[in-house]
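The structure appears below as structure tokens.
The values are calculated or read from the model by the stated rules, or taken from the named source; none is laboratory data. These figures come from a predicted structure and were not determined experimentally. In this analysis, Cβ positions are derived from the backbone assuming ideal geometry, glycine residues included, and neighbour counts consider all displayed protein chains. Quick note on the areas: whole protein, heavy atoms, side chains included, nothing else; ligands and nucleic acids left out. Shrake-Rupley method; radii C 1.70, N 1.55, O 1.52, S 1.80 Å.
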Amino acid sequence: MTEMGNPNYRTFDPAMEDGAEPPQPRSNSLRDRIRRSAEQSAPYVSPSGYVHQPQPCADVTSDQPVSVEPVAPVERITPTLGDAPPRPSDLAPQREPANAVEAPAEEEPVSENATQPIGVVLEIAGSGSMIAIDLQRLNECTEDDDPSIAMAGQVGSQVKIRVGNSWLLASVRNQRQDRKAGSILANIDFLGEGIEEKLTGKLHGFRRGVTRYPVPGGMVYPASTQDLKQVYASDGRSAVTIGKVYPTKDIRAGIYIDAMLGKHFALLGSTGTGKSTSAALLLHRICEAAPEGHIVMIDPHGEYSAAFRHTGVILDVSNLQMPYWIMNFEEHCEVLLTSNGNERQVDADILARCLLKARQKSRLAESMGKITVDSPIPYLLSDLSNEIQDGMGKLDKSTNSAPYMRIKNKLDEIKGDPRYQFMFSGMLVADTMADFIAKIFRMPSNGKPISIIDVSGVPSDITATVVAVLSRLVFDFAIWGREERTSPILLVCEEAHRYVPNEKNADGNSVGTILSRIAKEGRKYGISLGLITQRPSDLAEGVLSQCGTIISMRLNNDRDQEFVRAAMPEGARGFLDAIPALRNRECIICGEGVAIPMRVSFDNLEESRRPASEDPSFVELWNKTGGEEETVQRTVLRWRSQG
């Protein structure tokens, strides 16, 4: 049975109740919701400490005398916009001074716009939400002195939503106009949450991730500079500062070194955006924080030598002295084999037999017992040549003499070419592997933790092989050194798209294989990989996704932008849309190395610490004359001598 037959039964109609307000016009619904939300919360003091637009409490009337009527200080300490709410002890009659309540407000003045909502939550999803922003409030915030509040509601800015006793921080991804309601609709991505301070309502104790979501109808507030200082403040981990957080003027942008290096990083940017200078700045900061570190940088253009002349060791073809016998069998094939298809497999079989016999002739091999063709055992180039010659003269060989002649001719060519003397020299036959590794990996560092490997003078046909050898040495050293005290190594690869290309541009070199393996497995062995490239879309699939921290400067190519967008986390979508609009020496940083995604303006680097990568002034240089003949003569001399 129901109560419908009861004569005293009536349905509940909110519009017919006492004190009911007439329905508000739809055209101003968002503005009225913000206003009503502030008015309704006025009679009740929120425990959170934020009172949006409180109504005066002095208009409470009563026919009977009550104890609160003679209390004059109540009206004097009634909370106003931007003040902290009064405590119950503050409202007691015996309390006279109000200095304790007003002092904190004088020490840290709160902007009026920071305490008033700018919008309301419409929809909630797992990683983001849709909000409606009042256009009038947005215009009011743009005139605020606080640059963070002035940017509130715009694409890439941060807003906050109260959820219980905490603040939920979010980034604005996009905007569009809602013509029916006269407001702005925006999608936001949740970044993290922090605890709300009881007295001031400020945010502190920020952590990435969301544990409690808001509900539709919740008010949206601008995030102030004070809030962002708490968000970007260091949590005690080792960090380096590289610039300022945009759009603030005084918040330093810090990167957690262990988190960034522990899961690799990538620095991306089109030519001319200041990528090389930014890379030098980052490496300088790391060297300053860890002067006894171990950093190896592959420099294909010779531009970083000028930046680290006083803080690192510069190695090029004049002093690298890389022993040829340190190469494994696959790297020997890349240097000595010139054939393709089935002929290459035949040549590889011959080289494997001859190389193993040449290694076995070493006295070191005799003392070690069984070795393989990949064992880094010193051998003489003449022994390898003799083994090839002997194999060619045997009557029971399975093929003709052509494969032997191809390998022997290439070996003789390399031995006689002065460009290869940094590697294929008869003086490098001694067992210098330990000294070479110590020199390359900076062990010990002696205050110079970085070694710049300038491969600009290496012949182009073996450049990839040289990089492969250096990269493999880093990986093998970490694997075979697991029984020792861990010595993490950072390998930085400039122009990474040349060495880790995608399938479309792959040329079969071993450098792509070893760098891909370092990207996938290196962190297990204490190896960090830093990739620097101007064409991220040309990188091998999956390599960029292995980078836990991505530092993206301006990218002009649409394919590159889409590639980076796919590799970055969901919470950085609002920042990703700003990549084409970044200025020089500005970047978007997201991932493990930062608390939340942020837009950063890099610090200026001293002239003496910059790489030699600045663009020439054509007009200035073309107006200088004199000495052209001598310049041409010296250039031709160096060209011919391959010095």
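On the given criteria, is Arg237 exposed (fewer than 14 other Cβ atoms within 10 Å of the Cβ), without any contact (Cβ under 8 Å) to a residue 60 or more places away in the chain and outside any loop (DSSP other than H, G, I, E, B)? Spelling it out, it is not the case that Arg237 is exposed (fewer than 14 other Cβ atoms within 10 Å of the Cβ), without any contact (Cβ under 8 Å) to a residue 60 or more places away in the chain and outside any loop (DSSP other than H, G, I, E, B). Here Val458 meets each of (1) open to solvent by less than 30 Å² (accessible area, probe 1.4 Å); (2) farther than 25 Å from Phe424 by Cα with one exception, condition (2). Within the stretch 414-424, restricting attention to residues that are assigned to a loop (DSSP other than H, G, I, E, B) and open to solvent by 20 Å² or more (accessible area, probe 1.4 Å), the residue that is farthest from Ile453 (Cα to Cα) is Asp417.
Please work out if Ser471 is assigned to a loop (DSSP other than H, G, I, E, B), under 35 Å from the mean Cα position of the chain (by Cα) and more than 19 Å from Ser318 (Cα to Cα). Against the criterion (assigned to a loop (DSSP other than H, G, I, E, B), under 35 Å from the mean Cα position of the chain (by Cα) and more than 19 Å from Ser318 (Cα to Cα)), Ser471 does not qualify.
Only one entry of Ile414, Ile450 meets the criterion of being of a type in the set (Val, Ile, Thr) and either under 30 Å from Pro291 (Cα atoms) or at pLDDT below 90 (or both), and that entry is Ile450.
Checking each residue in the stretch 261-297 for being in a loop (DSSP other than H, G, I, E, B), over 26 Å from Pro444 (Cβ atoms) and either open to solvent by less than 30 Å² (accessible area, probe 1.4 Å) or out of contact with any strand residue (DSSP E or B) (no Cβ under 9 Å at 6 or more places or on another chain) (or both) picks out Gly269, Ser270, Thr271, Gly272, Thr273, Gly274.
Filtered by the rule that a residue be without any contact (Cβ under 8 Å) to a residue 12 or more places away in the chain, open to solvent by 50 Å² or more (accessible area, probe 1.4 Å) and within 18 Å of Pro376 (Cβ to Cβ), the stretch 428-455 gives Ala434, Asp435.
Pairing each residue of the stretch 503-520 that is of a type outside the set (Asp, Glu) with any residue that is outside any helix (DSSP H, G or I) and open to solvent by 20 Å² or more (accessible area, probe 1.4 Å), provided the two are 6+ apart or on different chains, yields C-beta distances under 8 Å for Gly512/Pro501; Gly512/Ala506; Ser516/Gly542; Ala519/Gly542; Lys520/Gly542. Within the stretch 189-225, the set of residues being touching a Pro at 6+ places or on another chain (Cβ under 9 Å) and open to solvent by 30 Å² or more (accessible area, probe 1.4 Å) comprises Lys198, Leu199, Thr200. Those helices (runs of 4 or more DSSP H) of the stretch 298-393 in which 3 or more residues are under 23 Å from Asp461 (Cβ atoms) and small (Gly, Ala, Ser) occupy 342-360.
Just a yes or no: is a residue in the stretch 310-327 surrounded by fewer than 17 Cβ atoms within 10 Å (Cβ to Cβ) and modelled with pLDDT of 95 or more? So far as the stretch 310-327 goes, no, none of its residues is surrounded by fewer than 17 Cβ atoms within 10 Å (Cβ to Cβ) and modelled with pLDDT of 95 or more. Starting from residues that are hydrophobic (A, V, I, L, M, F, W, C) and farther than 24 Å from Thr463 by Cβ, keep the ones in the stretch 394-413 and report whichever is least open to solvent (accessible area, probe 1.4 Å). Among those that are hydrophobic (A, V, I, L, M, F, W, C) and farther than 24 Å from Thr463 by Cβ, it is Ala402. Checked against the criterion of being in contact (Cβ under 8 Å) with a residue 12 or more places away in the chain, acidic (Asp, Glu), closer than 27 Å to Phe475 by Cα and in contact with a Gly (Cβ under 7 Å, 6 or more places away or on another chain), the stretch 586-596 has at least one qualifying residue.
Right, Phe575: at pLDDT below 85 and aromatic (Phe, Trp, Tyr) or not? Spelling it out, Phe575 is indeed at pLDDT below 85 and aromatic (Phe, Trp, Tyr). Criterion applied to Ile298, Ile286 was being in contact with an Asp or Glu (Cβ under 9 Å, 6 or more places away or on another chain) and touching a residue at least 40 places away in the same chain (Cβ under 8 Å), and the one residue passing it is Ile298. Taking Leu337, is it more than 46 Å from the chain's Cα centre (by Cα), surrounded by 13 or more Cβ atoms within 10 Å (Cβ to Cβ) and under 27 Å from Leu470 (Cβ atoms)? The answer is no for Leu337. Of the residues making up the stretch 609-632, those that are part of a helix (DSSP H, G or I), in contact (Cβ under 8 Å) with a residue 60 or more places away in the chain and exposed (fewer than 10 other Cβ atoms within 10 Å of the Cβ) number 0. Residues that are aliphatic (A, V, I, L, M), part of a loop (DSSP other than H, G, I, E, B) and either touching a Cys at 6+ places or on another chain (Cβ under 9 Å) or buried (at least 20 other Cβ atoms within 10 Å of the Cβ) (or both) within the stretch 492-541 comprise Val500, Ala540, listed in sequence order.
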